[in-house]
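K.L.:
Let me give you the structure first, and then I'll get to my questions.
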Amino acid sequence: MSSCNNSACLNEARRVAIFGGTHGNEMSGVTLVNLWVKNSAEIQRKGVETKPFITNPKAVEKCTRYVDTDLNRAFTPENLSAPGGDNLPYEVQRAQEINRIFGPKESPDAYDVIFDLHNTTSNMGCTLILESSNDHFNLQMMHYIKKAIAPASCLVLLNEHPLLKYSTSRSVAKHPVGLEVGPQPQGVLRSNIFEAMRVILKHALDFIELFNEGMEFPPCTVEAFRVLERIDYPRDANGNIIAMVHPNLQDCDWEPLNPGDPMFQTFDGKTIHYHGSGTVYPTFINEAAYYEKQQAFVTTRREALVASAIRKV
Ligand SMILES: CC(=O)N[C@@H](CC(=O)O)C(=O)O
Ligand SMILES: [Zn+2]
């Protein structure tokens with residue numbers, strides 16, 4: 001009998017979902033999931049049930065981020081337990097339905113893994129979004145994906161910030177995985193971005209199959225970028241934006257930003273510099289969807305996260 005002495009023993013990841021259209025104008029996820037709803041052969045693996053699912057069909061139809069409110073902020077305990085039925089905002093109703101089908105969030109009945117497919121207008125490349133540095137299953141999966149796609153790269157963004165973390169659609173699963181690929185404009189499909197997303201999903205599902213077959217994954221470290229701070233655009237007293245992302249920073253996601261480096265450029269050509277205390281790694285630089293969220297970019301810090309060995313029970 002083999003034992004679990006040296007590894008964290010986890011249950012099989014039998015129920016997996018792939019969400020597209022959480023934002024209805026992010027076309028790679030919408031298109032891939034629609035494709036897989038028609039024919040799911042590509043996403044099936046031995047011992048795994050994978051369900052492709054369009055999370056915000058009304059927003060997809062209108063090709064807009066959302067109809068009433070951002071679905072990827074809607075999975076709060078208050079929303080998920082709100083009475084009101086048909087009178088609730090559309091996305092709150094949808095969050096409740098999704099929580100019924102794939103959750104309930106934080107319960108033993110919840111889906112094991114949910115991949116939520118997003119596109120960004122930022123020059124971020126492939127980014128896996130992790131919600132907890134203690135999720136050793138996800139850390140091992142991300143390590144596997146990074147190795148599998150090398151020399152192409154895929155970075156890990158860790159968002160467990162007490163104030164900046166939000167209640168995502170994928171958060172109903174035991175192991176939530178965000179996949180953010182860019183740059184791609186809203187409402188547009190680019191073949192390179194589409195293919196990059198598809199390849200990451202392939203390796204992610206391969207990992208789950210291997211895990212369920214009993215493969216042991218030894219301890220490892222995963223480089224991650226931890227969300228530190230939201231930086232807003234400079235504004236006037238009326239709240240209007242008075243500067244743009246500086247050309248030296250535009251498209252430079254994941255590159256070091258040092259104190260004194262140019263950050264914004266005002267409409268009359270003045271440079272505004274970064275005045276933080278040390279080097280940070282900006283990302284989501286000039287994301288179109290974040291103007292409404294008063295966010296020009298987020299700063300991150302590089303960290304090595306430690307993943308324990310894992311194997312299935
Ligand atoms: C551009 C975009 O939509 N990004 C996602 C990131 C995430 O899924 O955590 C969002 O703000 O919901
Ligand atoms: Zn999105």
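K.L.:
Could you let me know the centre-to-centre spacing of the stretch 28-53 and the stretch 244-267, using Cα atoms, in angstrom?
P.N.:
39
K.L.:
Here's another thing I want to ask about it. Under a point-charge model restricted to the Cβ atoms of Lys and Arg (+1) and Asp and Glu (-1), what is the dipole moment magnitude of the stretch 231-299 relative to its Cα centre, in debye to the nearest 20?
P.N.:
On the way: 3 positive and 9 negative charges, 34 e Å.
Computed about the Cα centre, the dipole is about 160 debye.
K.L.:
Going 7 Å from the Cα of LYS58 toward and past its Cβ, which residues in the stretch 90-132 have a backbone nitrogen under 13 Å from where you end up?
P.N.:
Backbone N within reach: 90-97.
K.L.:
Give me the percent relative contact order of the chain, please, defined on Cα pairs under 8 angstrom at least 6 residues apart. Working shown, then result.
P.N.:
Working: 702 pairs, mean separation 67.1, N = 313.
About 21 percent, as a whole number.
K.L.:
What is the mean projected area of the alpha carbon convex hull for the stretch 61-116, to one decimal in square nanometres? Could you put the intermediate results ahead of the total?
P.N.:
Working: hull surface 17.7 nm².
Computing the convex hull of the Cα atoms and averaging its projections yields 4.4 nm².
K.L.:
Under 5 Å between amide hydrogens, which residues at least 5 positions from GLU229 or on another chain qualify, with H placed 1.01 Å from N in the peptide plane?
P.N.:
So GLU229 has HN proximity to THR299.
K.L.:
Excluding same-chain residues fewer than 8 positions from LYS293, which aspartates and glutamates have a Cα within less than 12 Å of its Cα?
P.N.:
Qualifying aspartates and glutamates at Cα under 12 Å: ASP70, ASP232.
K.L.:
Please give the calculated 222 nm ellipticity per residue for the chain, where each DSSP H segment of at least 4 residues contributes -39500 (n - 2.57) and the sum is spread over every residue; nearest 500 deg cm²/dmol?
P.N.:
The helix-only estimate for the chain comes to -7000 deg cm²/dmol at 222 nm.
K.L.:
Now for a different question. Among the aspartates and glutamates, which have Cα under 19 Å from the Cα of LYS46 when same-chain residues fewer than 8 positions away are ignored?
P.N.:
GLU12, ASP112, ASP206, GLU209, GLU213, GLU216
K.L.:
Report, in debye and to the nearest 20, how large the dipole of the chain comes out about its Cα centre when Lys and Arg carry +1 and Asp and Glu carry -1 on their Cβ.
P.N.:
Computed charge dipole of the chain: roughly 520 debye.
K.L.:
Expressed in nm to one decimal, what extension gain is obtained for the pair GLU255 and ALA41 from 0.36 nm per residue of sequence separation less their Cα-Cα distance?
P.N.:
On the way: separation 214, 0.36 × 214 = 77.04 nm, distance 3.84 nm.
Full-extension gain reported as 73.2 nm.
K.L.:
Okay, moving on. On average over all directions, what projected area in square nanometres does the stretch 98-255 have, based on the convex hull of its Cα atoms?
P.N.:
Working: hull surface 48.1 nm².
Over all viewing directions, the stretch 98-255 projects a mean Cα-hull area of 12.0 nm².
K.L.:
Compute the length gained on full extension between SER132 and HIS203: take 0.36 nm times their separation in residues and subtract their Cα-Cα distance, giving the result in nm to one decimal. Walk me through the intermediate numbers first.
P.N.:
Details: separation 71, 0.36 × 71 = 25.56 nm, distance 2.08 nm.
Contour length minus the Cα-Cα distance gives 23.5 nm.
Readers should treat all values here as calculations from the given coordinates under stated rules, not as data from a laboratory. Note that this is a predicted model, so its numbers are computed, not measured. Heads up, the Cβs are rebuilt from the backbone with ideal geometry, glycines too, and the neighbour counts pull from every protein chain shown.
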